[in-house]
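Chemist: To start, I am sharing the structure in question, which I have written as structure tokens.
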Ligand SMILES: Nc1ncnc2c1ncn2[C@@H]1O[C@H](COP(=O)(O)OP(=O)(O)OP(=O)(O)O)[C@@H](O)[C@H]1O
Ligand SMILES: [Mg+2]
């Protein structure tokens, strides 16, 4: 398992305009969701994890080692970053070549390369479009090309910046299954998202970022029940939570499973009441 630790990381694109204001955070086994309003600094934080951006102060440790002396290409072996905007990432004129570029740079070739690329395309639902020009694909597909390109690197840690954004139901299912598989494989995973239903259903841990600071972190089941926190973090509550409150259920219901369980409980109590 790869462990990534941020210690007091600060960063500004322009002097006097801080974007990260002292972030301390540890990412380990399993999936962590990073949420927060537009402009909170989520993508900026993500770009620090593989050296695209470097902290002004503070440090980032990968399995206990400061990453400062490591080049981007060396870090790319350990931490994969899928850009929020795939057009910042994609530079090859053919999907297959785009996905092959990373592993090729790591020295993978021949049948091993074919296998890596084939598998990454399958896992992202792009098995049929390997020969297409990424720029002829819809944005949702280009986003999955960006995911495939990082998958093919077979890194122990992955950062996905808004992976379900713009995907249709089938695309979302694909990404959800992929995240589950990656976690099962023992990878360290950070996903940035605005989809609070997804956070509640899929992630054991969520980090709230607001204005360059960590507001709170913990299990979604605990944190999503705080209306204060959601308002402060500028994020929507999960649909199941809103529905549970509208139904005046006694406990918060952050996921569909919670909702069903509570509704069954209420139904049982109601029928027991009728019988007695
Ligand atoms: N390349 C850049 N140069 C200068 N400022 C930038 C750059 N990228 C982002 N910013 C600024 O840094 C702040 C944080 O941006 P960032 O993209 O990290 O936020 P975010 O939380 O990912 O937002 P979103 O939810 O919209 O993706 C914003 O004020 C943004 O305008
Ligand atoms: Mg962003």
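Rule-based calculations on the coordinates, nothing more; no lab input. Predicted model, so just to flag it, every value in this text is computed and none were measured. Virtual Cβ from ideal backbone geometry, glycine too; neighbours counted across all protein chains shown.
Chemist: Contour minus end-to-end for residue 272 and residue 211, with contour as 0.36 nm per residue of separation and end-to-end as the Cα-Cα distance?
Modeler: That pair, residue 272 and residue 211, stretches by 17.0 nm at full extension.
Chemist: On C-alpha positions alone, give me the angle between the axis of helix 139-151 and the longest principal axis of the chain, in degrees, nearest 10.
Modeler: Compared with the principal axis, the helix lies near 70 degrees.
Chemist: Which angle between 0 and 90 degrees, to the nearest 10, do you get for helix 95-105 versus the longest principal axis of the chain when only C-alpha atoms count?
Modeler: Around 70 degrees separate the two axes.
Chemist: Compute and list, largest first, the equivalent-ellipsoid semi-axes of the stretch 48-187 from the alpha carbon gyration tensor, each √(5λ) rounded to a whole angstrom.
Modeler: 25, 17, 15
Chemist: Of the beta bridges DSSP finds with both residues in the stretch 149-276, what % are antiparallel, to the nearest 5?
Modeler: Restricted to the stretch 149-276, the bridges split so that about 50 percent are antiparallel.
Chemist: What's the exposure ranking of 108, 17, 35, going from fewest to most Cβ atoms within 10 Å?
Modeler: 17, 108, 35
Chemist: Among 13, 81, rank each residue by its count of other Cβ atoms within 10 Å, from fewest to most, as a rough exposure measure.
Modeler: Fewest to most other Cβ atoms nearby, the residues stand as 13, 81.
Chemist: Taking R0 as 30 Å, what's the FRET efficiency between residue 239 and residue 122 from their Cβ-Cβ distance, rounded to 0.05?
Modeler: So, using R0 = 30 Å, E works out to roughly 0.45.
Chemist: Return 205, 143 ranked ascending by Cβ neighbour count within 10 Å, so the fewest neighbours appear first.
Modeler: Least to most surrounded, the residues fall as 205, 143.
Chemist: When DSSP assigns beta bridges and you keep just the ones with both residues in the chain, what percent turn out antiparallel, to the nearest 5?
Modeler: Percentage antiparallel, nearest 5: 55.
Chemist: May I pose another question? Tell me, how many Å apart are the Cα centres for the stretch 106-131 and for the stretch 1-67?
Modeler: Cα centres, the stretch 106-131 to the stretch 1-67: 30 Å.
Chemist: Which order do the peptides 193-199, 90-96, 259-265 come out in when sorted by mean C-beta neighbours inside 10 angstrom, highest first?
Modeler: Result, highest mean Cβ count within 10 Å first: 193-199, 90-96, 259-265.
Chemist: Based on the alpha-carbon gyration tensor of the stretch 172-251 and its eigenvalue square roots a ≥ b ≥ c, which shape applies: rounded if a/c is under 1.5, prolate if not and a/b is larger than b/c, or oblate?
Modeler: oblate
Chemist: If you don't mind, there's one more thing I want to ask. Does the chain come out rounded, prolate or oblate by the C-alpha gyration tensor, with a ≥ b ≥ c the root eigenvalues, rounded set by a/c under 1.5 and, if not, prolate when a/b is larger than b/c and oblate if not?
Modeler: Note, shape of the chain comes out oblate.
Chemist: Let me ask something additional. In degrees between 0 and 90, to the nearest 10, how far off the longest principal axis of the chain does helix 169-184 point, with axes built from Cα atoms?
Modeler: Tilt of helix 169-184: around 80 degrees.
Chemist: Using alpha carbons only, how many angstrom separate the centre of the stretch 186-250 from the centre of the stretch 149-183?
Modeler: A separation of 19 Å, based on Cα centres.
Chemist: Oh, and also: Quick one: grab Rg to one decimal and Dmax as a whole number for the stretch 207-254, Cα atoms only, in Å.
Modeler: 11.2, 36
Chemist: Please label the shape of the stretch 137-276 as rounded, prolate or oblate, based on the square roots a ≥ b ≥ c of the eigenvalues of the alpha-carbon gyration tensor (a/c under 1.5 means rounded; beyond that, a/b larger than b/c means prolate, else oblate).
Modeler: prolate
Chemist: Per DSSP helix of 4 or more residues, -39500 (n - 2.57); summed, then divided by the residues of the chain. What does that give at 222 nm, rounded to the nearest 500?
Modeler: -12000 deg cm²/dmol
Chemist: Could I get the Rg over Rh figure for the stretch 31-107? Both from C-alpha atoms, Rh via Kirkwood, rounded to two places.
Modeler: Rg/Rh: 0.99.
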